[in-house]
Amino acid sequence: MTAVAIGSIPLIMTLGNSMLIPILPKMQSEINLSAFQASMTITVFSVVAAFFIPILGYLSDRFTRKSVIIPALFLYGIGGIVAGFAAAKFSHAYTWILVGRSLQGIGAAGTAPIAMALTADLYKGAKESRILGLVEASNGFGKVLSPILGSAIALIVWYGVFFAFPMVVCISIILSWIFIREKEHSKKPPAPSKYIKGLLSVFKHEGKWLFTAYLAGATCLFTLFGILFYLSDTLEKTYKIDGVIKGLILAIPLLVMCTTSYITGSKIGKNQKLMKKLIVLGFLFVTASYATLSLFKSLVPFIAVLAVSSVGTGLILPCINSFITGAVGKERRGFVTSLYGSVRFLGVAIGPPIFGRLMDWSRLGMFLSIAGFTCVVGLLALLLIKVEDKKQPEGEKGKKDQKEAEKKEVISFLEPIEGR
């Protein structure tokens, strides 16, 4: 039940954007918005979340994960009420919808990234990877469920989606309150100045591969939400498909990603060499998919080829999650995973606007430029993501031990990982 409670947290966060995608065209017509203004309801949520995630990550390191997660979930629900009430009652609702979405963004900042750090706190070894796979699968399941749920609710009233958020949040609050049990901090948290100094040293020594891992995660979310925005628009305007059928079609690539994420997380254990191979393979799948999507205009083959990119994303994200949660000790893990959450949210934020601009420019150009970008990121992952070699010759091991000892004198703030 602890794993279920942890898994419910990213599920809630995911609903914040994915549930809105099917209703964006309806929102445009009902309150007279441009496509860009409608996409801003996703962008504002994601940008605000990206800004607050490192702040809440630091607070979760200084206090406890649960003391950040529970209030964040409450705020997330309140934001939904504000946006829904404004859409239902105000003649000029757009500004208040953005206010509500901003509140939801602050709340979302304290959900999935903190849940990743919490997982690494509570579980070790292969079990940690399995639970992180569950977290990513829950994230993916939320993306599968949300377009269907959003489309169904919109059949009653389009702004009903906003009121659905607080109802779903209540479930996660109850599960988290009852089943998540954390150990008390065994020692006093570091002063802010020492904390920041420690983080700077972490990024000095680990920055190349860590930032590459951040970029890989952000790229996956950027392409995912960008293509969902494109697909939602195309289904409605080109194929005249709306309602629950539209939600079901949007859910297909997400279901593929969710399933792949869960299987990947359950199989990788702590095998970093395997993780790196899967990351590179995943980017090959994504690149090949986007490079060939422009050749297909019929819906069925288009969705089939798009599913290949979903397999690639499902291979990449659990491996990136595992790399990042193991990057530092417990007392700074919240910030490092939260910064990862920030760049993921930025990927979500820029996906719909950039894909929207590229759609206006050229369909062929859009797919080829995205394929080129994912190819570059995959190449960076191949070259820069660091893998620990646990089978070393005795002489090499001695040299490494000496080097690590010297490094520890400089970055003594790093907490040893318990159990190693």
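The values are calculated or read from the model by the stated rules, or taken from the named source; none is laboratory data. Please read these numbers as outputs of a predicted model, since none were measured by experiment. Because the Cβ atoms are built from the backbone with ideal geometry, glycine has one as well, and the counts that use them run over all protein chains shown. Remember, those area values only see protein heavy atoms, side chains included, never the ligands or the DNA or RNA. Shrake-Rupley method; radii C 1.70, N 1.55, O 1.52, S 1.80 Å.
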task: Rank-order 284-293, 34-43 by packing density, defined as the average count of other C-beta atoms within 10 Å over each peptide's residues, highest first.
output: 284-293, 34-43
- prompt: How do the peptides 340-346, 45-51, 310-316, 90-96 rank, highest first, by the average count of neighbouring beta carbon atoms within 10 Å per residue?
  reply: 310-316, 340-346, 45-51, 90-96
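Given a 1.4 Å probe and every protein chain left where it sits, what share in percent of the accessible area of segment 1-140 is carbon and sulfur?
Working: 3170 of 4510 Å².
For segment 1-140, the apolar C and S fraction of the accessible surface comes to 70 percent.
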- line: Plugging the Cβ-Cβ distance of L155 and A304 into 1/(1 + (r/R0)^6) at R0 = 35 Å yields, to the nearest 0.05, a FRET efficiency of 0.80
query: Add -39500 (n - 2.57) for each DSSP H run of 4 or more in the chain, then divide by its residues: what number comes out at 222 nm, to the nearest 500 deg cm²/dmol?
result: -29000 deg cm²/dmol
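List the relative contact order of the chain as a percent without decimals, with contacts defined as Cα pairs under 8 Å and 6+ residues apart. Walk me through the intermediate numbers first.
On the way: 699 pairs, mean separation 109.1, N = 420.
26 percent.
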field: In sequence order, calculated HN-Hα J values of segment 247-255 (Karplus, 6.51, -1.76, 1.60; Hz; x Gly/Pro)
entry: x, 5, 5, 4, 6, 4, x, 5, 5
- line: Computed over segment 87-183, the distribution of all Cα-Cα distances in 5 Å bins, rounded to whole %, is 3, 10, 15, 22, 19, 13, 9, 6, 3, 1, 0
- prompt: Ignoring ligands, DNA and RNA, what accessible area per residue does the chain give at 1.4 Å, in Å²?
  reply: 43 Å²
- request: Give the Rg (one decimal place) followed by the Dmax (whole number) of the chain, computed from C-alpha coordinates and expressed in Å.
  value: 21.2, 74
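I want the local charge near F355. Using Cβ-Cβ distances under 13 Å, sum +1 for each Lys or Arg and -1 for each Asp or Glu among the other residues.
Working: positive: R357, R363; negative: D233, D360.
Taking every Cβ under 13 Å from that of F355, the sum is 0.
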message: Which residues does the label zone of F179 cover in segment 9-34, counting backbone N under 18 Å from a point 7 Å along Cα→Cβ?
response: 9-14
Model label zone, S29; criterion: amide N under 15 Å from point 7 Å along Cα-to-beta-carbon; scope segment 153-176: 154-159
- request: Leaving ligands, DNA and RNA out of it, report the carbon-plus-sulfur percent of the accessible area of segment 252-370 at a 1.4 Å probe.
  value: 72 percent
